[in-house]
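Notes follow the structure.
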Amino acid sequence: MVAVVAPMTPEGAPAIHFTSTEVTCSLGKYSQAPASAVYTLVIGEDAVSTHFSNALIPSWLVPWAGKTTDYGNATATSASWNIQSSWKGKNLSCLTLAYANNATGSTSVSAVVPPL
């Protein structure tokens, strides 16, 4: 018997939103609703933090995970971090991985941290 796994195809780009104190990365849209998601915040070329929405995704599926990994500090649709003053003017990327029904999909988005 061959099991068919439906893909997690990205259908809409993730987004980055800044406030004066926080940066939020939204997952975007996939062909399936995610059961869980992972968000890695990259400043320049340094992966500084990874938030998991829950423990359904094993960390080995996210080899780019940052220096700190937190389970439960995200939702299946977004994750947020407090903005550090040292990030201002630097390139910020958010790498996302979504999981559902034994399938994964990954996307990323980048922006320059504004002088808030």
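The values are calculated or read from the model by the stated rules, or taken from the named source; none is laboratory data. No experiment lies behind these values; they were computed from the predicted model shown. Every residue, glycine as well, gets a Cβ built from its backbone with ideal geometry; the counts of neighbours run over all protein chains shown.
Counting only residues that are of a type in the set (G, A, S) and either crowded, with 20+ Cβ neighbours inside 10 Å or under 13 Å from the mean Cα position of the chain (by Cα) (or both), which one in segment 79-98 is farthest from H17 (Cα to Cα)? Lay out the reasoning, then the answer.
At the first step, the residues of segment 79-98 found to be of a type in the set (G, A, S) are 79-80, 85-86, 89, 93, 98.
If we keep only those that are either crowded, with 20+ Cβ neighbours inside 10 Å or under 13 Å from the mean Cα position of the chain (by Cα) (or both) as well, we get 79-80, 93, 98.
On the way: A79: 11, S80: 9, S93: 12, A98: 19 Å.
Per the criteria, the residue is A98.
If you go through segment 1-34, how many residues are part of a strand (DSSP E or B) and either in contact (Cβ under 8 Å) with a residue 40 or more places away in the chain or within 15 Å of the chain's Cα centre (by Cα) (or both)? Explain how you work it out, then say what you get.
So in segment 1-34, the residues part of a strand (DSSP E or B) come out as 10-12, 15-18, 22-26, 29-30.
Okay, now just the ones that are also either in contact (Cβ under 8 Å) with a residue 40 or more places away in the chain or within 15 Å of the chain's Cα centre (by Cα) (or both), so 10, 12, 15-18, 22-26, 29-30.
Residues that pass the stated criteria total 13.
Would you be able to say whether some residue in segment 63-78 is over 14 Å from the mean Cα position of the chain (by Cα), part of a strand (DSSP E or B) and surrounded by fewer than 15 Cβ atoms within 10 Å (Cβ to Cβ)?
Step one: of segment 63-78, the residues over 14 Å from the mean Cα position of the chain (by Cα) are 67.
From what is left, the residues that are part of a strand (DSSP E or B) are none.
No: zero hits.
Might you check whether a residue that is closer than 20 Å to P14 by Cα and surrounded by fewer than 19 Cβ atoms within 10 Å (Cβ to Cβ) occurs anywhere in segment 54-61?
Yes - at least one qualifying residue is present in segment 54-61.
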A15 touching a helix residue (DSSP H, G or I) at 6+ places or on another chain (Cβ under 8 Å) and among the aliphatic types (A, V, I, L, M): no
State the number of residues belonging to segment 79-116 that are touching a helix residue (DSSP H, G or I) at 6+ places or on another chain (Cβ under 8 Å) and either part of a loop (DSSP other than H, G, I, E, B) or modelled with pLDDT of 95 or more (or both). 1
